[in-house]
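The values are calculated or read from the model by the stated rules, or taken from the named source; none is laboratory data. As the structure is a prediction and not an experimental result, all values here were calculated from the model. Here Cβ is always computed from backbone atoms with ideal geometry, including for glycine, and neighbour counts include all displayed protein chains. Keep in mind that these areas ignore ligands, DNA and RNA; they rest on the heavy atoms of the full protein, side chains included. Shrake-Rupley method; radii C 1.70, N 1.55, O 1.52, S 1.80 Å.
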Amino acid sequence: MQKDGAKPIVRMEKLNKHFGTLHVLKDVDLAVTPGEVVVIIGASGSGKSTLIRCINGLEEFQSGHLDVDGKELLPNGKASKALQQIRTEVGMVFQQFNLFPHMTVLDNVTLAPMKVRGASRDEAQQTARRLLERVGISDQAEKHPTQLSGGQQQRVALARALAMEPRLMLFDEPTSALDPEMIGEVLDAMRELAREGMTMVIVTHEMTFAREVADRVIYIHKGEIVEQGKPEAVFDNPQNERTQSFLARVL
Ligand code: ADP
Ligand code: MG
């Protein structure tokens, strides 16, 4: 649920991103307010991943303005101390879970809080166990990632991100690598997070989920936001013909 009138936590203005000669993001404007859940949809290769990776500085951009929680990221990756701060405040969950395979679930979740935030082991473990409970896998704490199902691993990845007490969570197709029977458990955990008021930017192909959880749906086509609005408006009554033909293919 977004708070009207609040200062945006993400403010992106006329952002342009090139990979060599490929113009991947074109004058993208995006403001995300605290508590808002924004879902980004679009065809493969349209720039969805690049867009959200810019938000936590995983990709550089060439022009435009971007600040996250009031800290500005500069074009061309110009050394900015904001980047370190932003990385600690923005959690990200990827398609591939990216857990540390040689560490237990508990150690995966406590590592960053101890290393980056200077939390004590006790404190970090207490938080980790609470988060594992919250995503429904408290009984898996001592196992290694390879002993878990994909759905369980992705919930560990979610708990690991939440352990840093992020102000914003980014998700890049978090269920795309999962077997169908495991998608629901990950979406349930995300739904719960949205209900608790987390600010979220989500790239997904799960349109039923998007409709249910999004405050705003953004359709991106070849690096441009061509349509956005409330889920009912975008899904039931898309105005742009690109959006119409995309939705006709995926719905
Ligand atoms: P999406 O997530 O919507 O599928 P991406 O953001 O991954 O799209 O990619 C957008 C475009 O940028 C695609 O044409 C893709 O091939 C290209 N691209 C993505 N990453 C790189 C990279 N590291 N180097 C060069 N081109 C890239
Ligand atoms: Mg992608």
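Keeping every protein chain present and rolling a 1.4 Å probe, give me the accessible area per residue for the stretch 163-234 in Å².
Normalised by residue count, the accessible surface of the stretch 163-234 is 40 Å².
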Checklist entry - Expressed as a whole number of Å, what is the distance separating the alpha-carbon centroids of the stretch 200-245 and the stretch 109-171? => result 30 Å
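Could you check how much of the accessible area of the chain is carbon and sulfur, as a whole percent, using a 1.4 Å probe?
Exposed carbon and sulfur together represent 48 percent of the surface.
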Item to check | C-alpha center-to-center spacing [the stretch 1-46, the stretch 72-106] in angstrom | outcome: 18 Å
Item to check | Probe 1.4 Å, accessible area per residue of the stretch 76-161, Å² | outcome: 53 Å²
Checklist outcome for this item: Honestly the stretch 167-251 on the Cα gyration tensor test (a ≥ b ≥ c root eigenvalues; a/c under 1.5 rounded, otherwise a/b vs b/c for prolate or oblate) is just prolate
Next on the checklist: Using DSSP to call loops (not H, G, I, E or B), can you name the GluC sites (Glu not before Pro) in the stretch 155-243 whose Cβ has at most 16 other Cβ atoms within 10 angstrom?
Outcome noted: Glu196
Checklist entry - Got a number for the accessible area of Met92? Probe 1.4 Å, square angstrom, nearest 10. => result 30 Å²
Next on the checklist: Nothing charged except the Cβ atoms of Lys and Arg (+1) and of Asp and Glu (-1): what's the magnitude of the dipole of the chain about its Cα centre? Round to the nearest 20 debye.
Outcome noted: 660 debye
Next on the checklist: Running a GNM on the chain with Cα contacts under 10 Å, which residue among Thr146, Thr33, Thr199 ends up with the highest mean-square fluctuation?
Outcome noted: Thr146
Next on the checklist: Which lysines, if any, have their Cα less than 27 Å from the Cα of Lys26, not counting same-chain residues under 8 positions apart?
Outcome noted: Lys7, Lys14, Lys17, Lys48, Lys71, Lys78, Lys81, Lys222, Lys230
Checklist entry - Angle, helix 180-195 long axis vs. longest principal axis of the chain, Cα atoms, 0 to 90°, nearest 10? => result 80 degrees
